[in-house]
Structure formats: structure tokens, C-alpha cells
1. Taking only C-alpha pairs under 8 Å that are 6+ residues apart, what is the relative contact order of region 122-183 in percent?
2. Just report the Cα centroid separation between region 149-165 and region 178-214, whole Å.
3. How do the peptides 1-10, 167-176 rank, highest first, by the average count of neighbouring beta carbon atoms within 10 Å per residue?
Amino acid sequence: MIWWIVLAAVAALGAIPVGLYFAYDADGFRGRLILGPIRYTLFPQRKKEKETPESEQKPQKKAEPQPTPEKAAPKPPQPPKPKPEEKTKRGGSYRDFLPLIRLGLDFLGDMRRKIRVKRLRLHLVLAGDDPCDLAVNYGRALAAVKGLTAQLERVFVIQSRNVNVECDFAADQTRITAEIDVRITLGRLLALTAVYGVRGLKEYWNLKKKRKGGAENESETSQHAGNNHPKNP
């Protein structure tokens, strides 16, 4: 019975949604971190400090006049000190770095297949006085928005999508309203982190052993060359 309760609790924790919410409109940018029912505002941050009214402000004491110290004699100009030369570090082998790049690409590939876009909304209102120019800009904007939406649908699973492009001859400037809500379950996120964390540690230890073996080989080679050097009679 206890094992069933533990398994049910683990399944419930794994199903908790984790995500990010971003929006932009006339009020500016907004961002929130989502963890189940908890919403944490990333930006804009609320101001914690409150200005105290003038009636509560304490009167500041007037600073007493202090005697002016005697001016010291000016020091003679000294030549500028030479800057120490910065030692440039030698770069590592790109072949050792390739496995980490492949690991990162695999992680992003698995991550994007498990991410769900719960809501995607984009409302673009084009402004302009000339109907001909506005029509041309409308066609370009519509093609660009459709291309961007198609790319997002190839990468992510979009559950709700609302993309719209309009024209407004009376508006003074072009306006845009955007909103995106990205989610992933806590279980999937922890599973990906565990799998790729273990793979990353393996790649790190392999790279460390390889570098250690190369350093030992270089030291042995230098010692062997020193022993074979002819001695002066």
C-alpha cells in the first residue's frame, strides 16, 4: 500500500507543469516563471522601497565648519608605469570540444520535442497614410509572420495559435501585441536533466583522462630526449 502511495505521489509531482510566460503590449514587457499553480514575476520587478513623506523625514544636522587643512606641496610628475604584459592562453583542441557540442545539440533536440506551446498570440496592426505602400507592407508582413509561424510549428507543438495582421490608416504608428506560454512537465524536465547530466559527466571525465594522458606522454618524451642528449667529455 505504501509503495502505491509513493508511486502516486511521484506521478503527481512529475505531472506538475513548468514553463515560462512572456508578453508584450502597450504596457511593455512582462515575464513570469510558472511552477504548477505558482506564478513568479520575472519582470517588471516591483519597487520595494517606498518614499517617506516630508513630514516623517528627520531634519538633518548642519555640518559644523571645519578648519581648512594646509595645502601640501604638489608632487613632481612621475613617469607612467609600464603595463604588465597579459599572457594569452593557448586554445584547446576543437576535437575534444566536439562531443560536448553534439551533446548540447542532442539535448536541445529532445527538449524541443517535449516542450508544448500552450498559447501563441501575435496581433500586428500596420499604420500608414499611403494605401499603396501600406498594401505592400501588409503583404510582406503577412508573409513574414506566416513563415515564422510555420517554423515554430515545425519545432514545437502549438496547442492554441492566434496570429493576425491588420491595417489601420488612421493610426500614427505600427503596433504589435505578442504573447507566448511555453510549458513542460517537471517529470520530463528532470528526466532530460538526469540523462544528459550523466552523459555530460562521462564526456568530462573522458576529456580529463585524455588530457592527463597527453600530459604524461609529453613529460616522458621530454625526459627521454634529455637522457639521450650526448654529454660533453
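Quick note: the coordinates plus some simple rules give every number you see, no bench work behind them. These figures come from a predicted structure and were not determined experimentally. Please note: Cβ atoms are built from the backbone with ideal geometry, for glycine as well, and neighbour counts cover all protein chains shown.
1. Relative contact order comes out at 65 percent.
2. Cα centroid of region 149-165 versus Cα centroid of region 178-214: 28 Å apart.
3. Ranked by mean Cβ neighbours within 10 Å, highest first: 167-176, 1-10.
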